[in-house]
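Working notes, beginning with the structure itself.
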Amino acid sequence: MPRTRALQLVGVPLDLGSGRRGVDMGPSAFRIAKLGPRLAALGHTVVDKGDLRHPVRETRSPGQPEKKYIREIARVCRQVYQTTAAALADDVTPIVIGGDHSLAVGSVAATAARARRRRRALGLLWVDAHGDMNSPSTTTSGNVHGMALAALLGPEPAELAAIGEGTPAVRPDRVALVGVRSLDQQEKDLVRASGVHVFTMSDIDRAGLAGVTRRALALILRGNADLHVSFDLDVCDPGIAPGVGTPVRGGLSYREAHMLMELVADTGRLRALDLVEVNPILDTHNMTAQLGVELALSALGQQIL
């Protein structure tokens, strides 16, 4: 049986960071797939905090084209930070369901602040088809969900990098980017220069998912570090996760995704989990949200035997 814990679901129906509508319905899709009840069936205590307040795109101006809706996104991320920090202070594990990946700026900053107060390091496992390390000066789209990891590493976009108790929120040598397979040329240069540990799908093909994940976790959790997992469903192959805003062929298989989460569970260090970028408009029979629920169960201790 898995170690039981107190869990809190936090819905963040944010789509301002994305270039396509629909991810604002992601939290509802996870609930329809019975995320809370299925976690409770494992023995965990689950409280669903509902959805955070969020602006509606049609009522807002994009503002600066190089970082669209940045003020509104920062406002939501501060809410995420406060809600996640409150859960962590009560020794509750937050599961933040989105919503586009920009919300992770708030959740990761909160986990980092909690680790810092406990005099521990924070290891960040960023599981994503994309690098999310563009800046306002390098982006070709202005979509802020492609800048979330850059903000956590600092210093841009400044409106997001300032969230939390310190800049940068995470150290690059404590970050592992796993499953990446879609980078534009300028972002490739940024990723190479960043100092984060990068494991592409090519690396996974060569070394196997288990070997890559064990290596990534060993690097970011050395010593006595806490773990935050930020999981973008577009890291999975569109054949098993069609309902994402930016699908890229050649992603993780069903068993590879589960193995990654099972290895996360084995660490016993998970402090917070983000599940993001589910777009029900593009999905088939809610299968992407259902996959996300199953992966959350694996990360929180569900076993085959």
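Structure summary
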quantity	calculated
Centroid-to-centroid separation of region 49-89 and region 93-111 [C-alpha atoms, Å]	11 Å
Stretch gain in nm, segment Gln186-Thr200, where the contour uses 0.36 nm per residue and the Cα spacing is subtracted	3.4 nm
Protection-proxy order for peptides 190-198, 172-180, each taking the mean of Cβ atoms within 10 Å per residue, highest first	172-180, 190-198
Between region 147-172 and region 193-248, the alpha-carbon center distance in angstrom	20 Å
Per-residue [θ]222 nm for the chain (sum of -39500 (n - 2.57) over DSSP H runs n ≥ 4, rounded to 500)	-11000 deg cm²/dmol
Computed magnitude of the charge dipole of region 101-252 (debye, nearest 20; Cβ of K, R +1, Cβ of D, E -1)	820 debye
Net length gained if the chain between Ala218 and Arg118 were fully extended (0.36 nm per residue, minus Cα distance)	34.0 nm
Kirkwood Rh and Cα Rg combined as Rg over Rh, evaluated for the chain	0.92
Rounded to 5, the percent of DSSP beta bridges in the chain classed as antiparallel	5 percent
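Laboratory data are not the source of any read-out in this text; all were calculated from the coordinates shown. No experiment lies behind these values; they were computed from the predicted model shown. Every residue, glycine as well, gets a Cβ built from its backbone with ideal geometry; the counts of neighbours run over all protein chains shown.
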